[in-house]
Amino acid sequence: MPRHFTAACGQLGPIQRAEPRASVVRRLCALMEQAARRGAAFIVFPEMALTTFFPRWLIPEGPELAGFFEREMPGPETAPIFEAARRLRLGAYLGYCEETPAGMRYNTAVLIGPDGAIAAKYRKVHLPGNAVYDPALALQHLEPWYFTPGDLGLPVFDFLDGRVGMLLCNDRRWPESYRVLGLQGAELIALGFNSPAQLPDTPEQNAHRLLHHLIPMQAGAYQNGAWVIATAKAGLEEGCVMMGESVIIAPSGAVVARSATLGDEIVTAEINLDATAAHKAFFDFETYRRPELYRLIADRRAAGPSHDWTAETG
Ligand code: CDT
């Protein structure tokens, strides 16, 4: 695999609560076919690409809730995605909800190689929203209720002849996410997201939803000299409009490709992993970074009276 290739966002329109997994998998495979016809070697799908964004409801334990989680990957219903990857020689990032044999539930993404095998796994570390159902909220966002924070850290993997990191949705809003990946040499950061276009419970945010989506990703790309490929689940999903705006961002921070719809859509751009070197060299991290001055970032969560994390981490 050359370090210069076509990459694609495989944006999904809405997935309604009742849509069967087989139907969603057919949509994903159709997007893979389209991406391959456009010469893509890598496709990035959204967060929770197999299901509706169910944390908008409090769903009791039972068959419906269990049905949103994958207990094997690939499983019988998701195998066509892996077969398509192998047949089309197309690497993929796939977000889904994972339940382990021990019953732990994670918001997860995997990298699938062009050989159709899982090459890497990431479990979301920043889980936004409310940990318990709050009847005062117009829009529930119950990720901390359903998921355990990821236990795999923020790793970077050798993939597609490059250094690739993964994030999931809210992770993209935190500069630390990109820096931790950048300090491991990340050249490409793949991420999927489910972001409402409007937040009824924090209306002061609403005028800047697009800005707040793009600014951290463009800054993260520029400040770490890495490509960012970010793919949306978009459109009117169960009464909630999810923002589209899937984008491919160059290591300069420039948006080089952007989705035009709120439906299933392929967005492509030419990725040159070697282009990251000049941007990383411009910052010359080794010479100019002052990690001894940045200890607070690792030791303290927030301004003001704060828990001393060093006491726990040694
Ligand atoms: N999926 C996800 O992480 N979405 C969040 C919405 C948070 S609103 C409580 C996001 O950052 O877009």
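The values are calculated or read from the model by the stated rules, or taken from the named source; none is laboratory data. Source: prediction; values computed, not measured. Methodologically, a virtual Cβ is constructed for each residue, glycine included, from the backbone with ideal geometry; neighbour enumeration extends over all protein chains shown. Heavy atoms of the whole protein, side chains included, go into the accessibility calculation; ligands, DNA and RNA do not. Shrake-Rupley method; radii C 1.70, N 1.55, O 1.52, S 1.80 Å.
Applying a threshold of 8 Å to beta carbon distances and a minimum spacing of six or more residues, or different chains, the list of pairs starting in the range 115-142 at a residue that is without any contact (Cβ under 8 Å) to a residue 40 or more places away in the chain and aliphatic (A, V, I, L, M) and ending at one that is open to solvent by 50 Å² or more (accessible area, probe 1.4 Å) and more than 8 Å from the ligand (Cβ to nearest atom) reads ALA131/TRP145; VAL132/TRP145.
Yes/no matrix, rows are residues, columns are (1) over 15 Å from the mean Cα position of the chain (by Cα); (2) more than 22 Å from HIS4 (Cα to Cα):
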residue	(1), (2)
ARG87	yes, no
GLU99	yes, yes
GLY103	yes, yes
ARG123	no, yes
ALA136	yes, yes
THR148	yes, yes
GLY162	yes, no
ASN170	no, yes
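Among the residues of the range 105-129, those identified as more than 13 Å from the ligand (Cβ to nearest atom), more than 11 Å from LEU167 (Cα to Cα) and assigned to a strand (DSSP E or B) are ARG105, TYR106, LEU111, ILE112, ILE118, ALA119, ALA120. Scanning the range 5-52 for residues that are part of a helix (DSSP H, G or I) and open to solvent by less than 10 Å² (accessible area, probe 1.4 Å) returns VAL24, VAL25, LEU28, LEU31, MET32, ALA35. The set of residues from the range 104-126 being in contact with a helix residue (DSSP H, G or I) (Cβ under 9 Å, 6 or more places away or on another chain), open to solvent by 20 Å² or more (accessible area, probe 1.4 Å) and over 17 Å from ILE189 (Cβ atoms) comprises ARG105, PRO114, ASP115, ALA117, ILE118. Within the range 79-104, being outside any strand (DSSP E or B) and among the hydroxyl-bearing types (Ser, Thr, Tyr) holds for one residue alone: THR100. If you go through the range 53-66 and keep only what is within 16 Å of the ligand (Cβ to nearest atom) and touching a helix residue (DSSP H, G or I) at 6+ places or on another chain (Cβ under 9 Å), you end up with PHE54, PRO55, LEU58.
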